[in-house]
């Protein structure tokens, strides 16, 4: 009978907490959105599955050896760890109170060597870091995975349309207003007492408006790792929603006549220009904004591999197999951050709300900038391509093309919209660099 | 009071960020335009560029003959030099 009780007490059902059950449902919802609604399935399938794995009770896949020991170890071990952390446990309190106070101590400013000593005790009695915790530490904690994905994106990007019409870079710059407006929005909500975000967290939320998954993950891993799960989910979910979010804003801000504007044919771009461009961008980054160097450096490297034409194998690996491998690990790592205590908060709702505002403002700013440029310059610019300034390559460009075709079925804007689209990638990486410089 | 400071910080970061993004991309626009002009001047007509770049992979018949000759003579030379040893 005792054995049966032990078995029952070790089962998932016995230990399942309400929060974990809710998070497993969230994971299933993400899988549903990915599989049946085709919301960025390449990312949301691993993220959703990782979220379910992270919330399996007792398995502790997403927590460190120390946390795991605190949660399940025997009282003797707990006392040892408390001694290592330089704290004492109230002998009268029960076991759960011990665990809680240890958790508080371990996560609230203990000297690193004390933490290491406690960790050694946990490892010594046979606890180990969870699988997803290790993934997270290697892939995102070190910043590697988002950067490798950025390299792959660089290897997939054709800068031809941008080089043919460099002024479209301004559209990509204008659309970054969404990032900073949202940052200010988050700060304003905090000062009104609605939410509670620090400036770092506000910056990480704002970057959702850059509509660039790897950049969002990179920035939030540096500035606000505790919000990473919510921010990554918001960024990828809204990227999938670009075809729904953008068109109403674009129609609202433009007249029928403006939407019908035809743009002049792009000039052909020589191969030499395409080879020189990533190198030039790299030098400019090195000279003016070294903090954007990790993101833009990898981006330029990927693009150079594509354009130089002598390392086709490397370029092929970067844009296919490597990016796929890293996507799997990145997705699972993001999923590991979907734990009940950090995700099921009021702040997550705030992040989701602010994220969609960021997309809207970015789109509007891009369109308005295009209208402004139309006033000053001689070459006509269809304001719709301004909306492609939020990155979301190539979805945003396709949306601009589609809305353009609705007004005039012979007006193909896709190639013109690719210019601001890739400019948006550069713009949001620059914005990320500024934020990391200012706050990191 | 602290809220006010936070708000101010947010506003400052917004202005600084947008400023830097615009300045950087403006510099990029200028440099791209300059680069295109330079390349256009020193290597005019993209067709010429293509021909010179592509010659190793899709060469004209004459140059292929030359290349073949070079390869063959190199091989013969090597063969002879190894023989002599």
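Summary table
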read-out	value
Boolean, residue A:127 is farther than 30 Å from residue B:36 by Cβ, touching a helix residue (DSSP H, G or I) at 6+ places or on another chain (Cβ under 6 Å) and part of a loop (DSSP other than H, G, I, E, B)	yes
Hits in the stretch A:1-17 (condition: surrounded by 14 or more Cβ atoms within 10 Å (Cβ to Cβ) and outside any helix (DSSP H, G or I))	A:16
Helices (runs of 4 or more DSSP H) contained in the stretch A:256-372 and holding at least 2 residues within 12 Å of another protein chain (Cβ to nearest Cβ) and either over 22 Å from residue A:137 (Cα atoms) or modelled with pLDDT under 95 (or both)	A:271-288, A:293-308
Options A:182, A:190; residue that is surrounded by fewer than 23 Cβ atoms within 10 Å (Cβ to Cβ), assigned to a helix (DSSP H, G or I) and in the same structural domain as residue A:384 (by TED's automatic domain parsing)	A:190
Failed condition for residue A:411, given (1) more than 14 Å from every other protein chain (Cβ to nearest Cβ); (2) touching a residue at least 60 places away in the same chain (Cβ under 8 Å); (3) in a helix (DSSP H, G or I)	(3)
Qualifying residue in the stretch B:30-38 (condition: loosely packed, with under 13 Cβ neighbours inside 10 Å and over 24 Å from the mean Cα position of the chain (by Cα))	no
Test result for residue A:393, out of contact with any strand residue (DSSP E or B) (no Cβ under 7 Å at 6 or more places or on another chain), outside any helix (DSSP H, G or I) and away from chain B (no Cβ under 14 Å)	yes
Subset of the stretch B:1-16 [more than 7 Å from chain A (Cβ to nearest Cβ) and within 35 Å of the chain's Cα centre (by Cα)]	B:15
Which listed residue, of A:108, A:90, A:113, A:96, is under 29 Å from the mean Cα position of the chain (by Cα), surrounded by fewer than 12 Cβ atoms within 10 Å (Cβ to Cβ) and either over 26 Å from residue A:55 (Cβ atoms) or not assigned by TED's automatic domain parsing to the domain that holds residue A:342 (or both)	A:108
Complete set of residues in the stretch A:18-52 that are out of contact with any helix residue (DSSP H, G or I) (no Cβ under 7 Å at 6 or more places or on another chain) and in a loop (DSSP other than H, G, I, E, B)	A:37, A:38
Of all residues making up the stretch A:185-212, the number that are at the interface with chain B (Cβ under 8 Å from one of its Cβ atoms) and under 22 Å from residue B:25 (Cα atoms)	1
Scan of the stretch A:281-318 for residues that are under 19 Å from the mean Cα position of the chain (by Cα) and either under 30 Å from residue A:53 (Cα atoms) or in contact (Cβ under 8 Å) with a residue 40 or more places away in the chain (or both), ordered by number	A:291, A:292, A:293, A:294, A:295, A:296, A:298, A:299
Residue within the stretch B:39-53 that is in contact with a helix residue (DSSP H, G or I) (Cβ under 7 Å, 6 or more places away or on another chain) and at pLDDT 90 or above present	yes
Members of the stretch A:246-255 found to be assigned to a helix (DSSP H, G or I) and either within 14 Å of chain B (Cβ to nearest Cβ) or buried (at least 18 other Cβ atoms within 10 Å of the Cβ) (or both), listed by number	A:246, A:247, A:249, A:250, A:253
Residue within the stretch A:132-149 that is out of contact with any helix residue (DSSP H, G or I) (no Cβ under 8 Å at 6 or more places or on another chain) and either modelled with pLDDT under 90 or closer than 19 Å to residue A:342 by Cβ (or both) present	yes
Some residue of the stretch A:340-357 being in contact (Cβ under 8 Å) with a residue 60 or more places away in the chain and either touching a strand residue (DSSP E or B) at 6+ places or on another chain (Cβ under 6 Å) or under 28 Å from residue A:155 (Cα atoms) (or both)	yes
Residue within the stretch A:116-131 that is without any contact (Cβ under 8 Å) to a residue 40 or more places away in the chain and surrounded by 15 or more Cβ atoms within 10 Å (Cβ to Cβ) present	yes
Failed condition for residue B:19, given (1) at the interface with another protein chain (Cβ under 7 Å from one of its Cβ atoms); (2) within 13 Å of residue A:430 (Cα to Cα)	(1)
Scan of the stretch A:373-386 for residues that are surrounded by fewer than 19 Cβ atoms within 10 Å (Cβ to Cβ) and in a helix (DSSP H, G or I), ordered by number	A:374, A:375, A:376
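The values are calculated or read from the model by the stated rules, or taken from the named source; none is laboratory data. Note that the structure is a prediction, hence the values are computed from the model and not measured. Glycine gets a Cβ as well: all are built from the backbone with ideal geometry, and neighbour counts include every protein chain shown.
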